[in-house]
Structures are given as C-alpha cells and as structure tokens.
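I have placed the structure first, in the form of structure tokens, so that the comments after it can refer back to it.
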Amino acid sequence: MSLPLLIYCIIQGATEFLPISSQGHLIFFNHHFPIATENLSITDLNIIAHSGSLLAVIIYYHKEVLRLALSISNFFRSDLDSYVNLLQNLIISSIPIYFCGYFISYFINDAFFESLLLIGWTTVIFGIILFIVDKNCLRIKNIESLPNTSAFYIGLVQCLAIIPGVSRSGSVLTIMRLFGYTRLESANYSNLLSIPVILGALMYLIISKDTGNGYVENIFNLKTTMIFFTSFIFSYFFIHFMITWVKKSSFAIFMYYRIIIGILILIFTYFDLFNIS
C-alpha cells in the first residue's frame, strides 16, 4: 500500500468520529494527492475505508448495539425496554439525511462538494459555532430523556453535514449541546447515530456503482484488506479518544484545530486560484 493511500486511511479513521469533518479532510487530501489506482476508484476506497469505520463503532459499542437489536421485539413498548426509546430516536434522526442525501446528489453539481473554498470557510465557521454553543449551554440532560421531536431536529441539523467541512459529528454535537445534553451523552449519541448513517452511505455507494463482472474478486485482496483494517484501527482509537476527552474536557480543542486547518485550506486554495508562487 502506497504512502498516500495509507495516509488517506489514517485520515478517514482519525476524523470520522471527531467534530472536524472527515469529508473535508479527505477531499482536500485527494485534491493534492490523488489516490485512485488502476484497480480501485475513489468510490471503492470510500466503501472500504468507511466499512472499517463502521465495524469499529459497532465493536466499540457492541453492548449497546446488542441491546438495541434485542429491543426490536418491543419496538412499540418502550415501557418494557429502556432501549426502545433510543432505537426509535436513532431511526428518527437518520431519516432526514437519507432523504436529503438522496435528492441533493441529483440536484447539486459535484463541483459544489469538491470546493476547497467552501470546505475552508465551513471548517472555520462551524468550528466557532460549536465552541460558542458548547461553552454557553447547560449540560444536564441524558439521552434517556431525549424526546422523538428533538431526535427529528437533530436529524435535520445532521443534514448540514452533506456540505463538506461542516462535519456530521460536529453538527450533531452542536444541536445536542444547544438542547442541553451533556458532552458525553452527546458524543455517545453521535457515535451510535453514525452506524445507520454510514451504513446508508455505503449502501448508496454500492448500489450507485457499476460493479460489473469480477468486482467482488477485485475488491477483496491484500491491498483492500490493509485499507479496511487501517481505517478500522484508527477509527476505534479515535472513538475511544473522543469519549475519554469529553469526560473531562470541552470541545474547545476541536474549535482551535478547525480554525487552524480551515485557514490553511483557504491559504492553499487562494494561492492556487491566483497562481501565487
């Protein structure tokens, strides 16, 4: 596996569950270091790398995932199982982004999603918004008390993550902190919510891709295995980092990081636009 490809997988794993926009990082990196190979397109790489991230969050939250799966039998009886309300809310929060993602992919030009200027500005602006909300809002609620209406609003705000640089995790954390949920509870809900979101994105990528004959044989080899496990390992590590961090600290560190990386992206982009050498 080449060094750019390895870095790509590390970026995917390290940024997927942090409020810093994995999409923005990957677009910027791929703009300067194209990583598509003869046998693997950028879509293939996204499918494999995100599959690693999906496995990581499922394993990290395996107890909660198992309880959620068992609660399906009592889906309409939340009084019998406390996890039913959480399962319902995760489904409700996922629905808006499914619809938005599907329709926007048809009506918005791909160039919009690859604009480095957009990524730079959204990285800075939404980082500041998260910092302000996190610093000034109460933090007393737990996700057990999350009503279905709030779950739907969280889903609507999560749709902003379709804009590169916003961050799915960052948008969810921002709205949940605005609603008064603790940092830890907000991070846990955001991570659990990533499961149906990533799964939906993977299904869309696979369905929309012309796999053709021999695709399965080409997608499973030593290179793709290394891509998968690199993404898995770094995803798992940074999920743990995120949860450990929010137990004792604020989201300020991510705001500082977003401002720095956003300004760097803008500088590089403006240099390219005006051909400054």
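The values are calculated or read from the model by the stated rules, or taken from the named source; none is laboratory data. This is a predicted model, so every value here is computed, not measured. Quick reminder, even Gly has a Cβ in these numbers, built from the backbone with ideal geometry, and neighbours come from all protein chains shown. For the accessible areas, the whole protein counts, side chains as well, though only heavy atoms, and no ligand, DNA or RNA atoms are used. Shrake-Rupley method; radii C 1.70, N 1.55, O 1.52, S 1.80 Å.
Cysteine residues of the chain whose Cβ has no partner cysteine Cβ closer than 4.7 Å: CYS9, CYS137. Taken one residue at a time, the phi angles of the range 134-146 give Karplus couplings (6.51, -1.76, 1.60, θ = phi - 60°) of 4, 6, 10, 9, 5, 9, 10, 8, 10, 5, 4, 9, 6 Hz. Gly and Pro are set to x. The convex hull around the C-alpha trace of the range 105-153, projected and averaged over every direction, spans 5.6 square nanometres. For the chain, count all C-alpha to C-alpha pairs, find those more than 34 Å apart, and express that count as a whole percent of the total. Percentage above 34 Å: 18. Take 114-123, 133-142 and order them by the average number of nearby Cβ atoms within 10 Å per residue, most first; the result is 114-123, 133-142.
Taking amide hydrogens as placed 1.01 Å from N in the peptide plane, the amide H of LYS141 sits under 5 Å from those of TYR181, THR182, each at least 5 positions away in sequence or on another chain. Close amide H partners of ILE20, meaning residues 5 or more places away or on another chain with modelled amide H under 5 Å apart, are GLY170.
Pairs of Cα atoms nearer than 8 Å and 6+ residues apart set the relative contact order; for the range 149-198 it is 26 percent. Calculated [222 nm] ellipticity per residue, helices only, for the chain: -24000 deg cm²/dmol; basis is -39500 (n - 2.57) per DSSP H run with n ≥ 4, divided by all residues, nearest 500. In the range 1-128, a dipole from Cβ-located charges (positive for Lys and Arg, negative for Asp and Glu) runs towards its positive end, and of TYR61, ILE128, ILE95 it is TYR61 whose Cα lies farthest in that direction. Remark: the range 24-163 carries a charge dipole of roughly 480 debye about the Cα centre, counting +1 on each Lys and Arg Cβ and -1 on each Asp and Glu Cβ.
Across the chain, the mean sequence separation of Cα contacts (distance under 8 Å, 6 or more residues apart), normalised by length, yields a relative contact order of 36 percent. Across the range 169-178, computed HN-Hα scalar couplings (Karplus, 6.51 cos²θ - 1.76 cosθ + 1.60, θ = phi - 60°) run 4, x, 5, 5, 4, 5, 5, 6, 5, 5 Hz from first to last residue, x flagging Gly and Pro. Largest mean-square fluctuation among MET203, MET242, MET176, in a Gaussian network model of the chain whose springs join Cα atoms under 10 Å apart, belongs to MET203.
What the range 154-203 shows is 23 Å² of accessible area per residue, with the surface traced by a 1.4 Å probe over protein heavy atoms.
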